[in-house]
Every structure is written in structure tokens, then in C-alpha cells.
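Heads up, the thing below is written out as C-alpha cells.
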Amino acid sequence: MKTDKMSITKVMPVLFGFFIMGFCDLVGISVTYAKEQFQWSEIEANFLPSMVFIWFLVLSVPTAMIMSKTGRKNTVLISMLITFIGMLIPFIQFNEIICYLAFGLLGIGNTILQVSLNPLLTNVVKGDKLTSNLTAGQFIKAVSSFLGPIVAGFCSLHFGSWAFMFPVYAGVTLLSTVWLFFTSIDKEESVQKASSFGEILSLLKNKQILLLFFGILCIVGLDVGMNTATPKILMERVGLSIEAAGYGSSWYFGARTLGTFLGAFLLAKVSGKSYFRVNAIVTLLAIAVLFFVQSQTGILAMVCVIAFTSSCIFAVLFGMAIQALPEKANEISGLMITGVSGGALFPVLMGVAVNATGNQTGSVLIIGVTAVYLLFCALKSFTPGKSTN
């Protein structure tokens with residue numbers, strides 16, 4: 001019984017780190033507010049997510065290399081310190097440059113966090129429960145994402161500026177940092193020689209890993225795309241105010257929260273592959289309907305369906321990748337998290353598509369492309385734990 005209690009005390013601060021991980025989704029609602037405040041163009045506004053997610057392309061693999069020396073827990077603590085600084089700066093002064101800088105630091109911190117926190121979970125959770133616990137972490141991340149638009153809207157209405165949300169998140173980050181710092185977690189066995197940049201990238205020669213990598217790229221692109229596009233679709237098609245439309249993101253994250261909550265239980269009982277296939281099909285169908293629907297009820301309904309069915313795909317893909325090469329957990333984590341840079345790529349493509357089409361159907365079209373690949377990935381035959389070269 002004592003061992004179980006000790007296990008819980010170690011798991012909880014690690015899982016709470018997923019709440020900090022959810023801060024990257026603040027950029028979705030922030031795009032809408034910043035565009036109005038700074039009078040940005042569509043492309044300038046959609047460049048803000050790139051400031052967050054470009055770092056996943058630049059820093060994920062180097063972080064995996066460094067983590068082998070610094071240890072997973074220390075790497076997580078470093079990420080939280082960077083996030084804390086990023087959230088604190090706008091409280092001191094806030095303008096266009098500071099806005100980009102804050103989200104840039106948030107992206108750096110979040111990159112390091114996502115690379116190190118997922119493997120750190122394996123230090124305190126048994127391997128056969130990894131996928132369900134990763135999904136539980138995604139549930140906590142989804143709760144954080146769900147609260148983002150609500151906090152931003154509350155600060156905008158009651159304090160006169162959405163930017164007052166930054167010190168709130170700085171305080172939460174500090175709390176998480178202190179909690180984890182004072183939690184004793186057994187350090188993973190250090191490898192004799194850390195993998196080089198080239199050796200990590202060479203993992204993509206494995207067909208299964210390559211398939212899953214592009215899956216991560218697309219599911220993050222879909223998630224960030226829906227996050228940024230939902231308020232704009234509601235404003236454009238229904239004529240809602242910015243504050244009212246912002247709550248469309250909360251509907252999205254609310255449904256995603258429910259999806260991850262149920263998924264944490266379902267994935268402990270059913271095959272991740274089967275779960276992936278069913279949800280990928282429904283996601284694509286819902287996006288197809290969203291392309292045409294014009295009513296507020298219809299839009300929100302499709303947004304919720306997309307959020308619910310796509311909510312656990314990231315955890316499934318990530319879990320399959322680690323299970324494919326468990327002896328390379330650090331390296332696989334760094335490589336897979338590089339795919340989160342899809343959050344930088346797809347919003348820019350969405351901005352270009354919107355400029356070309358003149359409306360948000362361009363955004364939905366780009367999001368649909370990510371869903372098509374996810375369905376291809378889901379239907380492709382692969383078996384977790386079996387390497388395919």
C-alpha cells in the first residue's frame with residue numbers, strides 16, 4: 001500500500017506538467033485578440049502560432065540529445081523556467097514585439113517540456129500502462145486548453161485587456177515548477193553515449209516511425225488549425241463579437257477534454273489501432289460538413305465532433321512510436337515532438353489559403369488535408385511494438 005501512495009505522489013506532479021504543456025494552445029485565441037488590437041493582416045496574425053511551433057522543428061532533436069546528459073526531470077524544470085519568463089514579460093510591458101517574444105519563449109519552453117515530460121512519465125509509470133497515462137496527460141492538457149479562452153475573455157471583459165492572462169499563467173507555471181522540484185523521482189539509467197543528431201534523424205528510415213512522424217505533424221496541424229480558425233469562422237459566418245466567438249475555442253477544447261477523458265479509459269481496453277481508424281474516419285467526415293455549414297449550431301456541432309474524435313490521436317501515435325523502439329525513448333520523443341512543428345506550418349498555409357479564397361473555407365480546406373493523411377495513416381497496416389524497416 002505504501003508503494004502505491006508513493007507512486008501517486010510521483011505521478012501527480014508529472015501529470016500536472018501536462019497542464020503547463022497546454023499553454024501552447026493559448027496562441028489560438030490570442031491570434032484573434034492580437035489581430036484586433038494590433039490591426040494585423042491575416043498572414044501577420046497567423047504568424048503568431050509559428051512563433052510558438054517553429055521551435056519544435058529547431059529544438060526537439062537537440063533537446064533529446066541534451067536530455068540524455070541532464071536527465072529528464074532537470075530538463076522539464078528548465079522548460080518550466082523558460083515558460084515562466086515568457087509569461088512574466090508581458091506583465092512588465094506589452095506591445096507587438098513583446099507579444100511575439102512572449103509566444104516565442106512559450107514555444108521554446110513548450111518544446112523542451114514536450115520532449116522531456118513524455119519520457120519522464122515512463123520513469124513513474126509501468127510500460128504497459130503508458131498509452132492510457134499519456135492519454136490522461138492529454139486530458140489534463142486539454143483542460144488547460146479549455147480554460148485558455150475563458151481566462152482570456154474574462155481578463156478582456158473585466159480587466160480591460162486579454163494580456164492580463166499572462167501573469168496568471170506565470171503563477172501556475174511557478175507552482176508546477178516548485179511541486180516537481182521537491183518531488184523525488186528515480187533518475188533513468190544514463191546511456192554510455194548520447195545519440196547524435198544524425199543518428200536520431202536516421203530513425204526516420206524506419207517506415208513505421210516515418211509514418212507516425214507525419215501523423216504527429218498532421219494531428220498538431222489539425223489541432224492548431226481548428227484552434228485558430230474556429231473563432232474566425234464564427235465571426236465570419238455568424239457575425240459574432242470577438243469575445244463571443246472566442247468561446248468557440250472553449251467548445252472545441254471542452255469536447256477535446258471529454259474525448260481525452262473517455263479515451264484514457266477506452267485505450268486501456270481497446271486496440272489503439274482500431275480506435276485510431278474509427279476516429280480518423282469520423283474526423284474527416286465532420287471536417288467535410290464544416291466546409292459547408294453556415295449556422296452557429298451546425299458550426300459548433302462539427303467543431304465539437306472534430307475535437308472529440310481527434311483528441312486522443314496524438315497520444316496513440318506517440319505511444320505507438322515509443323512502443324516500436326522502447327530502448328530509444330529519449331530519441332523517439334525528440335523526433336516525434338519535432339512533428340509538433342506542424343503547428344507552425346499549417347496556420348501559415350491557412351493564412352495563404354484564406355487570402356486566396358477570400359474567406360475561412362480556405363482554412364477548413366487546409367485542415368481537411370491533415371485529416372486525409374491521418375486517415376491514410378490509420379488505415380496503413382502497422383503493429384505497435386513491431387519494427388518495420
Next on the checklist: Considering only segment 99-109, I want to know if a residue exists there that is closer than 23 Å to residue 259 by Cβ and among the hydrophobic types (A, V, I, L, M, F, W, C).
Outcome noted: no
Item to check | Leading residue by the ranking (surrounded by the most Cβ atoms within 10 Å (Cβ to Cβ)) among those in segment 144-180 that are hydrophobic (A, V, I, L, M, F, W, C) and more than 22 Å from residue 242 (Cα to Cα) | outcome: 180
Checklist entry - Within segment 13-28, restricting attention to residues that are farther than 16 Å from residue 168 by Cα and among the aliphatic types (A, V, I, L, M), which residue is farthest from the chain's Cα centre (by Cα)? => result 14
Checklist entry - Which of the following residues is part of a helix (DSSP H, G or I), out of contact with any Lys or Arg (no Cβ under 8 Å at 6 or more places or on another chain) and at pLDDT 90 or above: 66, 54, 89? => result 89
Checklist entry - Scanning for something of a type outside the set (D, E, K, R) and loosely packed, with under 15 Cβ neighbours inside 10 Å, does segment 234-242 turn up at least one residue? => result yes
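Rundown of residues vs (1) under 19 Å from residue 169 (Cα atoms); (2) at pLDDT below 85; (3) surrounded by 21 or more Cβ atoms within 10 Å (Cβ to Cβ), yes/no style:
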| position | (1), (2), (3) |
| --- | --- |
| 106 | yes, no, yes |
| 109 | yes, no, yes |
| 115 | no, no, yes |
| 120 | no, no, yes |
| 129 | no, yes, no |
| 134 | no, yes, yes |
| 138 | yes, yes, yes |
| 141 | yes, no, yes |
Next on the checklist: I'm trying to understand the selection: among the residues of segment 243-254, which are closer than 16 Å to residue 287 by Cα and surrounded by fewer than 23 Cβ atoms within 10 Å (Cβ to Cβ)?
Outcome noted: 251
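The rows are residues; the columns are (1) crowded, with 24+ Cβ neighbours inside 10 Å; (2) among the β-branched types (Val, Ile, Thr); (3) over 20 Å from residue 156 (Cα atoms).
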{"residue": "31", "(1), (2), (3)": "yes, yes, no"}
{"residue": "44", "(1), (2), (3)": "no, no, yes"}
{"residue": "53", "(1), (2), (3)": "yes, no, yes"}
{"residue": "74", "(1), (2), (3)": "no, no, yes"}
{"residue": "90", "(1), (2), (3)": "no, no, no"}
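The values are calculated or read from the model by the stated rules, or taken from the named source; none is laboratory data. This one's a predicted model, so the numbers in the text were calculated from it and none came from an experiment. Cβ atoms come from the backbone with ideal geometry, glycine included; neighbour counts cover every protein chain shown.
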